[in-house]
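Some notes on the structure that comes next.
The values are calculated or read from the model by the stated rules, or taken from the named source; none is laboratory data. Here the structure is a predicted model, which means the values were calculated and not measured. As a convention, Cβ positions derive from the backbone with ideal geometry for all residues, glycine included, and neighbour counts pool all protein chains shown.
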Amino acid sequence: MKLHSQKGFSLVELLVVFAIITTLMGIIFASFAQSRSASRDAVYVSDTQSIKLAFARYVQFDPNGRYPGTDATWYCLESSGSCWNNGSASSALNAQIAQYLPGGVFPLPPLIAMGREAYMYNPKDSVSIPNYSGPVLRWWRERSFTNSFPCNGTVSITRLDPGIYYCYEKLQ
């Protein structure tokens, strides 16, 4: 009896290798999604701290020691002046605060490229945060894989849609 030597892989062997590679790729892509979300979280924390510091510097140098604006209007905080979701664009307000930011430009949230709004400011908000009436910083946030509380360090959250939130933070 003559034995034939095998010159390749069987179908079962190929399917097993394919299944292993697919499983490993799924694990790697899931970890990339979590790291992207964690990096967005870090950007939000850094940006809000920079903006809060810029407002604090503005108040420090204002002759009356007050925050800019006198009405309860939401202002977009971005250099381009464009706005979304009923916010008001004020180039004067942006210029007043931007001078205290690194590079003189407001940071844009990581998701602005996806059509979401920039950071917003309201000098006299009395609705968003219970038992508080004063200057408020607001930004749009999605729920991430890394945390169930999407607005770390904030005071109040409003849920817009499943997984989409507005985060509010006091400036005083």
Tell me which residues, restricted to segment 47-67, are touching a residue at least 40 places away in the same chain (Cβ under 8 Å) and either in contact with a Lys or Arg (Cβ under 7 Å, 6 or more places away or on another chain) or more than 14 Å from residue 96 (Cα to Cα) (or both).
-> 47, 48, 50
Can you find even one residue in segment 37-44 that is of a type in the set (A, V, I, L, M, F, W, C) and in contact with a strand residue (DSSP E or B) (Cβ under 9 Å, 6 or more places away or on another chain)?
-> no
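Kindly indicate whether residue 70 is within 19 Å of residue 94 (Cβ to Cβ) and loosely packed, with under 11 Cβ neighbours inside 10 Å. It would help to see each step written out before you state the result.
Numbers: within 19 Å of residue 94 (Cβ to Cβ): yes; loosely packed, with under 11 Cβ neighbours inside 10 Å: yes.
For residue 70, the condition - within 19 Å of residue 94 (Cβ to Cβ) and loosely packed, with under 11 Cβ neighbours inside 10 Å - is met.
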Return the only residue of 24, 14 being modelled with pLDDT of 85 or more, surrounded by 11 or more Cβ atoms within 10 Å (Cβ to Cβ) and farther than 28 Å from residue 135 by Cα.
-> 14
Among the residues of segment 33-44, is there at least one that is acidic (Asp, Glu) and either at pLDDT 75 or above or farther than 30 Å from residue 109 by Cα (or both)?
-> no
Do you know which residues across segment 105-127 are modelled with pLDDT under 75 and buried (at least 20 other Cβ atoms within 10 Å of the Cβ)?
-> 109, 117, 118
